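Take a look at the structure set out below.
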Amino acid sequence: MSMLDYCLDEGGKTWKGFSFIEDTFMDRNYVLVLPKEGTANGKWILKTEYFNAFPEVEIALLNKGWHVAHINNVSRWCPDEVTETQAAFVGHIHKTYGLCEKCVPVGMSCGGMQAIFLAAKYPETVSCMYIDAPVVNLLSCPFGFGKKTAPSMTEEFIAARGMDSISILSFRDHPLDYLPRLTAQDIPTVLVSGDSDSVVPFEENGKLFADAYTAAGRTLETYIKPGGDHHPHGLPDISPLVAFIEKYAK
């Protein structure tokens, strides 16, 4: 069974009109979606999580000759294994398919957390990134020490990471703890969030990222949606996101 069975086009041979390759790497299934024949430019997106969710930016870039890749994760809550696998996967895609040495992570919600960890720990794998309502502060999401979040997410995190509401208080491996390391790299980032996000509150998460980048004088474009909740991700007009990625991708 294909890892894409739930989201393939009718007939089961394309995704959003594009051909794809499926294979395994480090015992994880992955997919590489291909641009139309004769258009490939060697650049590529790593959709860190939720492969089929809100794919408008990916589709726009596929139409411009980009590739789009995703590798299945053991957990969306990003234990170290996820970041290490993604970093190795970037090298695999470069060596196996001849694509650029650096990818552009596109990360939404928990996928934004994954993108931050990848860029901070393995900056040599990332040229720029697009993060959307990213989880930056685990005390906020999933634990809800500020605005409350869904108990089911807390239970899922505890199962994945082995920490509860007591041990998380002394935990020092949040995405926010990597912001000094990340800002030292100056990886251009475009950030999108709703100012009324009830799942990953902006002021407790994305704002921390934006403040750190701004204070360090780093390259950041921020789009805050008035009244916007966690979904939908993206913007009504995605052209600024596509333009940012095209400008800074290497």
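Per-structure values
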read-out: Rounded tilt (10° steps) of 206-215 against the dominant C-alpha axis of the chain; value: 90 degrees
read-out: Around PHE54: net Lys/Arg minus Asp/Glu count, Cβ-Cβ under 11 Å; value: -2
read-out: Selection from GLN86, GLY65, GLY17, by position along the positive dipole direction of the chain (Cβ); value: GLY65
read-out: Tail fraction, Cα-Cα pairs, the chain, threshold 32 Å, whole percent; value: 17 percent
read-out: Unit charges on C-beta of K, R, D, E only; dipole of the range 1-101, Debye; value: 320 debye
read-out: Test item: Cα-centred dipole of the chain, Lys/Arg +1 and Asp/Glu -1 on Cβ, debye; value: 500 debye
read-out: Centroid-to-centroid separation of the range 97-125 and the range 7-58 [C-alpha atoms, Å]; value: 16 Å
read-out: Three-way shape label, the range 166-250, alpha-carbon gyration tensor, a/c 1.5; value: oblate
read-out: Helix axis angle, 151-161 relative to the chain longest principal axis, alpha carbon, degrees; value: 70 degrees
read-out: Sum of side-chain charges, PRO35 neighbourhood, beta-carbon under 10 Å (Lys, Arg +1; Asp, Glu -1); value: +2
read-out: Accessible surface of the chain, 1.4 Å probe, proportion on carbon and sulfur as whole %; value: 52 percent
read-out: Two-site FRET efficiency, LEU169 against GLU203, from Cβ-Cβ distance with R₀ of 25 Å, rounded to 0.05; value: 0.80
read-out: Sites matching GluC sites (Glu not before Pro) across the range 5-48 that sit in DSSP coil, with at most 15 neighbouring C-beta atoms within 10 Å; value: GLU10, GLU37
read-out: Cβ charges +1 (Lys, Arg) and -1 (Asp, Glu), total dipole of the range 149-238, debye; value: 260 debye
read-out: Angle in degrees between helix 80-97 and the longest Cα principal axis of the chain, rounded to the nearest 10; value: 20 degrees
read-out: Solvent-accessible heavy-atom area per residue, rounded to whole Å², over the chain at 1.4 Å; value: 42 Å²
read-out: Positive minus negative residues near GLY91 (Lys, Arg vs Asp, Glu; Cβ under 12 Å); value: -1
read-out: Links that overshoot a 21 Å alpha carbon limit, given the list LYS16/LYS250; LYS102/LYS247; LYS16/LYS247; LYS16/LYS36; LYS225/LYS247; value: LYS16/LYS250; LYS16/LYS247; LYS225/LYS247
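The values are calculated or read from the model by the stated rules, or taken from the named source; none is laboratory data. Note that this is a predicted model, so its numbers are computed, not measured. All Cβ positions, even for glycine, are placed from backbone atoms using ideal geometry, and neighbour counts span all protein chains on display. These area figures cover heavy atoms from the full protein model, side chains too; ligands, DNA and RNA do not enter into them. Shrake-Rupley method; radii C 1.70, N 1.55, O 1.52, S 1.80 Å.
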